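The values are calculated or read from the model by the stated rules, or taken from the named source; none is laboratory data. On a predicted model such as this, the values are computed, not experimentally measured, just so you know. All Cβ positions, even for glycine, are placed from backbone atoms using ideal geometry, and neighbour counts span all protein chains on display.
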Amino acid sequence: MLSRTEGLVLSTFPFGEADLIATYLTLDFGLIKLFVKSPRKIKSRFGSSLEPLTQARISFWGKEDANLPRLTQSDIIHPFHIIRDHLRSFLKVSEIIELTMNFIPERDINKKVYALFLTTLQAIEQHCSDLPVKHGAGEDGKKVKGRFSCEDLILNQYKIRFLTHAGFAPKLDVCGRCGQKGFSFYISQGSILCDICAKGIDSPIRISPAVMHFYDDLLAWDTAKINRLKPSGMLFSKVSDIINMHIKYILTKPLKSGVFVQSLSG
């Protein structure tokens, strides 16, 4: 059975002497792994279409329930080579690749996730490859260095929207049990809890109205206009930390690419 769709290359790894296994995020089939015959040979017909992040129209052959269909054609739509050429940008994008591959089951069709990933890559390529880091004031009014870029805003927005589409978003508006107002977020519950519902649960993270508002902005704003948001460095770090801790709790481990990027920043 021959199938056609468009997809983004998330990763490849060697299989045998000259073959590859390629993982795609696709529009019509979700996350799929495809066997690629001899792409590492000099005269391979696939050329550069298997480079990470490449968007391509692909065809693959295999039975509907086959574990590893074979890629038969790959025509580049857009290479996103600008992101690959900027090492730090590519490393940051690797974090959302890892996130996506950890949360999305294979063959689970989610067109919203595909559209979100594509929009995120387009925004990073068009607006953020050479932007300087931002600086701002903390929530208490003191001057702090906000070591984040437009790329970081976009990638945090991806995490929040992705978790929403995948059904794993933290609840940061009201108490997850009774619906009352609350300002204490509990990682183990994935939600804000009011004082009554939180009895017996330890170690909350205090959430300010500014954090809630910024989280809502990241969820709602058009990605192409995200650079108009001007959060303080402290506010950005707070929301980023909450999202990363939430992801770590669900996966029971941190994202390896995220830890590596943080080590470079340090």
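A few notes on this one:
- Of the residues LEU68, LEU20, LEU87, the single one that is outside the structural domain of SER149 (by TED's automatic domain parsing), free of Cβ contacts under 8 Å to residues at least 40 places away in the same chain and either in contact with a Leu (Cβ under 8 Å, 6 or more places away or on another chain) or under 25 Å from HIS127 (Cα atoms) (or both) is LEU20.
- Of residues in the range 212-244 being outside any helix (DSSP H, G or I) and surrounded by fewer than 17 Cβ atoms within 10 Å (Cβ to Cβ), the one farthest from the chain's Cα centre (by Cα): LYS230
- Any chance SER11 is free of Cβ contacts under 8 Å to residues at least 12 places away in the same chain and either in a loop (DSSP other than H, G, I, E, B) or not hydrophobic (A, V, I, L, M, F, W, C) (or both): no
- Failed item in (1) touching a residue at least 60 places away in the same chain (Cβ under 8 Å); (2) surrounded by 20 or more Cβ atoms within 10 Å (Cβ to Cβ), with ILE109 passing the rest: (2)
- Against the conditions (1) touching a Phe, Trp or Tyr at 6+ places or on another chain (Cβ under 6 Å); (2) assigned to a loop (DSSP other than H, G, I, E, B), LEU71 satisfies every one except (2).
- Of SER94, SER59, all but one fail to be of a type in the set (S, T, N, Q) and in a helix (DSSP H, G or I); the exception is SER94.
Results for (1) surrounded by fewer than 18 Cβ atoms within 10 Å (Cβ to Cβ); (2) over 17 Å from the mean Cα position of the chain (by Cα); (3) more than 28 Å from GLY167 (Cβ to Cβ), shown as yes or no for each residue.
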| residue | (1), (2), (3) |
| --- | --- |
| SER59 | yes, yes, yes |
| LEU68 | yes, yes, no |
| LEU71 | no, yes, yes |
| ILE76 | yes, yes, yes |
| HIS81 | yes, yes, yes |
| ARG88 | yes, no, yes |
| MET101 | yes, no, no |
| THR120 | no, no, no |
